[in-house]
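Here is the structure we will look at, set down as structure tokens.
Bear in mind that the values in this text are calculations on the coordinates, not laboratory data. Being a predicted model, the structure only gives us computed values, none of them experimental. In this analysis, Cβ positions are derived from the backbone assuming ideal geometry, glycine residues included, and neighbour counts consider all displayed protein chains.
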Amino acid sequence: MTIEELDRKFRSYDGVRVLESQGDLFYLYDPAADLPPERQQPFATIVTGDHYEKVSRLDEPGAFRLNLGLTKATYAGLFGTPPTERDADWVLDSGHDYAARDTLMPHPFYGAQHWVAIVNPTGLDQLLPLIEESYAFAARKLTNQQTRQTR
């Protein structure tokens with residue numbers, strides 16, 4: 001699977017806006033394209049280098065990591081209770097090898113917030129339900145937030 005294939009999939013969803021920085025892609029649910037910066041929380045990201053951390057070894061040629069924000073229930077069904085212990089570099093101690101390829105695992109920094117990661121995934125089929133959940137969860141959060149504002 002390539003970054004381009006994943007990017008096409010995310011861009012196929014209604015209301016998705018993509019931000020790019022340093023070759024990384026950040027997917028926001030923003031159907032009106034008017035979210036203020038403080039509300040621009042991506043539901044998925046594709047990170048292409050060691051700009052933020054080194055534990056995933058994204059400096060290797062062709063390496064990238066897909067990150068997805070999931071519901072608490074789905075995350076717990078996959079991995080149980082999110083990790084909270086961190087090492088000196090602030091990396092979560094989840095018991096996973098964060099540099100492993102094509103292995104779904106808690107995100108090295110945001111696993112405690114129910115984010116998952118996979119370095120160099122090989123197939124979309126296994127990830128599609130998680131991608132769809134991440135997108136639907138982002139849409140639901142924005143709708144709920146907008147509903148609260150109009151009350």
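Among Ile3, Ile46, Ile118, the ranking by other beta carbons within 10 Å of each residue's beta carbon, starting with the fewest, stands as Ile3, Ile46, Ile118. Under the classification rounded if a/c is under 1.5, otherwise prolate if a/b is larger than b/c and oblate if not, where does the chain fall, given a ≥ b ≥ c as square roots of the Cα gyration tensor eigenvalues? Note, shape of the chain comes out prolate.
Which one, Gln40, Gln126, Gln113, has the greatest fluctuation when you compute a Gaussian network model over the chain with C-alpha springs under 10 angstrom? Among Gln40, Gln126, Gln113, the largest mean-square fluctuation in the Gaussian network model of the chain belongs to Gln126.
For Lys72, the lysines whose Cα falls under 25 Å of its own Cα, not counting residues fewer than eight places away in the same chain, are Lys9, Lys141. By the count of neighbouring beta-carbon atoms within 10 Å, fewest first, Lys9, Lys54, Lys72 end up ordered Lys72, Lys54, Lys9. Full extension of the chain between Asn144 and Ile3 gives 47.7 nm of extra length, using 0.36 nm per residue less the Cα-Cα distance. Subtracting the Cα-Cα distance of Asp93 and Ala136 from 0.36 nm times their residue separation leaves 12.6 nm of extension gain. Label point of Arg86 set 7 angstrom out along Cα-Cβ; within segment 107-124, amide nitrogens under 20 Å from it belong to 107-118. The charge dipole of segment 23-151, taken about its Cα centre with unit charges on the Cβ of Lys, Arg, Asp and Glu (plus for the first two, minus for the last two), comes to roughly 600 debye.
Once the Cβ-Cβ distance of Asp34 and Asp125 is raised to the sixth power relative to R0 = 30 Å, the FRET efficiency obtained is 0.30.
Fewest-first ordering of Phe64, Phe26 by other beta carbons within 10 Å of each residue's beta carbon gives Phe26, Phe64. Mean separation of Cα pairs under 8 Å and 6 or more residues apart, divided by the residue count, gives segment 3-143 a relative contact order of 20 percent.
Of interest is the spacing of the C-alpha centroids, which for segment 123-151 and segment 30-96 amounts to 16 Å.
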